[in-house]
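The values are calculated or read from the model by the stated rules, or taken from the named source; none is laboratory data. What you are looking at is a predicted structure, and each value in this text was computed from that prediction instead of being measured. A quick note on method: Cβ atoms are made from the backbone with ideal geometry, for glycine too, and the neighbour counts reach across all protein chains shown. SASA here: full protein model, heavy atoms, side chains in, ligands and nucleic acids out. Shrake-Rupley method; radii C 1.70, N 1.55, O 1.52, S 1.80 Å.
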Amino acid sequence: MTLKARVIPCLDVKDGRVVKGVSFVNLVDAGDPVESAKAYDAAGADELCFLDITASSDNRDTIFDVVARTADHCFMPLTVGGGVRTVADIRKLLLAGADKVSINSAAVSNPDFVAEAADKFGNQCIVVSIDSKKVSAEGEEDRWEIFTHGGRKPTGIDAVAFAEKMVERGAGELLLTSMDRDGQKGGYDIALTRTIADRVSVPVIASGGVGTLDHLVEGVRDGHATAVLAASIFHFGTYTVGEAKRYMAEHGIAMRLD
Amino acid sequence: MTKAAEITLVDYGMANMLNVARAFRHCGAEIRVVESAAEAGPAERLVVPGVGAFEKSIRAVREKGFDEFIRRHVETGRPFLGVCVGMQMLFEASEEFGEHQGLGILPGRVARVPSVDTAGEPQPVPHIGWSALVPAQAERSWEGTLLADHQPGASSVYFVHSFAARPADEGDMLADCLYGGHRICAAVQRDNICATQFHPERSGEIGLSVIRRFLSL
């Protein structure tokens, strides 16, 4: 009888198709995003995340169509990210049917954009997506740095300090992706997740590295995330969303099972 | 239903309007969107959605003359539904980023969701996610209300907000959810005036059942 932890399947969308790579490369086609969204909705997903990774600006508009067609069928919360750089981008995504947008590179290059977006649309609809890698050496105190451009570009910015700054600017939620873990199936970076979740006042979504259902449990129980995001374990049918939620509930986490 | 129910959707520039329209359409309603009170004739069923900041919303509502339009509609006794900020605006005032006057149709105020739970531990705000509804008071039955198809404490609905109404009149309170041990006002209903803090348009089949119930009022 309290707020339930959310399981969020994430669909990486490229040129209107779902893809999933390992460590952000080696993309494999995994189907039609709207059909995937419907299946996840039916399976009890608590929210859906579309990440538009379309590289060329020519195909940028395909995501609006995907979002609108999904919203026609799925009456569930929908977060969309990837290439969100302007207030006009946000407005278009929200009008297409997104409930929240996630801002990634633009938050790093222009933190004031987050403040502007939160002011215009309300902080509850602005998710800042933080991609970071552990940069501390063995035996050193944990330290993570922000990377942009799909993990290729280091920024020298400390991830924890950046997370706090984003919340100050009006982010209503943080999506934390460990780029070392992404696609590796070895589990979330729990230290990263917990360090930030304990430091900020907004909900934190754990992302990057899920290979087993225990990893989802760890994200909430040990990482203090209020939502767990996963991609390949669901896309490739390793586990269903229903299995994941039941498993988490069996491990003492409040879940929506109706 | 022999004739499709028509709803009038107040468009004052908020972003989730289309999703509310989609959900109502899915439930068989015909949608009429009005962008200013001047062009809007009388409504059979009026729906005011809303996301974002209270002050911006109430200002936009007033600029388009919707404050009087909503008040007049409510007085006719015909069904009204406010969602999220559309609910909060019904009350007298909000403390979101300063003090702002609401429509004052229902007594009470809008206050921040507690950032500390009842045990004194910090909890995240915004309050985002799914939570089960419980009766606001033991004696209030949900029979004949917006939540008639809902089992108390059973199915969950979707919330995304940082502020919530605190109705002054207990009789208006229909349902709460619990967050960190605190009661958060999740729905109110006074006669024809219905409002939900949660998003029925985003709450799957449970949410659609609330919309269908509104259409049958």
Partner lysines whose C-alpha sits under 20 Å from that of residue A:134, ignoring same-chain residues fewer than 8 away, are A:153, A:165, A:185
With the label point 7 Å along the Cα-to-beta-carbon line of residue A:109 and a cut-off under 19 Å to each amide N, the hits in the range A:55-87 are A:55-61, A:81-87
Looking only at lysines whose Cα falls under 17 Å of residue A:100's and that sit 8 or more positions away or on another chain, we get A:92, A:120
The size of the Cβ-based charge dipole (Lys, Arg +1; Asp, Glu -1) of the protein assembly as shown about the Cα centre, to the nearest 20 debye, is 580 debye
Under a 1.4 Å probe, counting only protein heavy atoms, residue A:155 has an accessible area in Å², nearest 10, of 50 Å²
Measuring from its Cα centre, chain B shows a charge dipole (+1 at each Lys and Arg Cβ, -1 at each Asp and Glu Cβ) which, in debye to the nearest 20, is 420 debye
Given A:76-89, A:129-142, A:207-220, the highest-first ranking by average Cβ count within 10 Å works out to A:207-220, A:76-89, A:129-142
Among A:210, A:156, A:240, the residue whose Cα sits farthest towards the positive end of the charge dipole of chain A (+1 at Cβ of Lys and Arg, -1 at Cβ of Asp and Glu, taken about the Cα centre) is A:240
With the 8 Å Cα cutoff and a minimum separation of six or more residues, chain A has a relative contact order in percent of 19 percent
Computed for the range B:1-78: size of charge dipole around the Cα centre, +1 on C-beta of each Lys and Arg, -1 on C-beta of each Asp and Glu, debye to nearest 20, value 180 debye
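Could you work out the relative contact order of chain B, using alpha carbon pairs under 8 angstrom and six or more residues apart, expressed as a whole percent?
Dividing the mean separation by the residue count of chain B yields 19 percent.
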Sorting A:190, B:80, A:125 by the position of each Cα along the dipole of the protein assembly as shown (Lys, Arg +1; Asp, Glu -1; all at Cβ), the one nearest the positive end of that ordering is B:80
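Considering only the other residues whose Cβ falls under 10 Å of the Cβ of residue B:91, what net charge follows from Lys and Arg at +1 and Asp and Glu at -1? Before the final figure, lay out each step's value.
On the way: positive: B:109, B:166; negative: B:92, B:172.
Charge balance near residue B:91 sits at 0.
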Note on chain A: alpha-carbon gyration tensor, axes a ≥ b ≥ c; rule is a/c under 1.5 for rounded, else prolate if a/b larger than b/c, else oblate; result rounded
In the range B:182-207, accessible area falls by at least 40 Å² from chain alone to full assembly (1.4 Å probe) for B:202
By the mean-Cβ-within-10 Å protection proxy, highest first, A:91-103, A:46-58, B:81-93 rank as B:81-93, A:91-103, A:46-58
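Let me confirm one metric for peptide A:74-84, namely the mean number of other chain beta-carbon atoms within 10 Å of its residues' beta-carbons.
Values: counts 3, 17, 8, 11, 2, 0, 0, 0, 0, 0, 0.
Taking the mean over all residues of the peptide, I get 4.
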Among A:137, A:171, A:219, the residue whose Cα sits farthest towards the positive end of the charge dipole of the range A:131-247 (+1 at Cβ of Lys and Arg, -1 at Cβ of Asp and Glu, taken about the Cα centre) is A:171
Sparse-neighbourhood loop hits (GluC sites (Glu not before Pro), the range B:126-178; DSSP loop; Cβ within 10 Å at most 13 others) -> B:139, B:143
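Helix-only estimate, please: 222 nm mean residue ellipticity of the protein assembly as shown, summing -39500 (n - 2.57) across DSSP H runs of length 4 or more and dividing by its residues, to the nearest 500. Please report the intermediate quantities before stating the final value.
On the way: 15 runs with 140 residues, N = 475.
Mean residue ellipticity at 222 nm (helix-derived): -8500 deg cm²/dmol.
Using a cut-off of 11 Å between beta-carbons, work out the net charge of the residues near residue A:90 (Lys and Arg +1, Asp and Glu -1, residue A:90 not included). Working shown, then result.
On the way: positive: A:85, A:91, A:92, A:100, A:120; negative: A:89, A:116.
Charge balance in the 11 Å sphere: +3.
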Note, residue A:56: beta-carbon cut-off 13 Å, +1 each Lys/Arg, -1 each Asp/Glu, net -2
Inter-chain shielding metric for B:125-138, i.e. average beta-carbon neighbours from other chains within 10 angstrom, reads 5
Taking only Cα atoms of the range A:54-181, the Rg to Rh ratio with Kirkwood Rh works out at 1.01
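When the expected Rg is taken as 2.2 N^0.38 Å, what fraction or multiple of it is the alpha-carbon Rg of the range B:88-206? Provide the component values of the computation, followed by the final result.
Working: Rg = 13.8 Å, N = 119, 2.2 N^0.38 = 13.5 Å.
Compared with the compact-globule rule of thumb, the range B:88-206 sits at 1.02.
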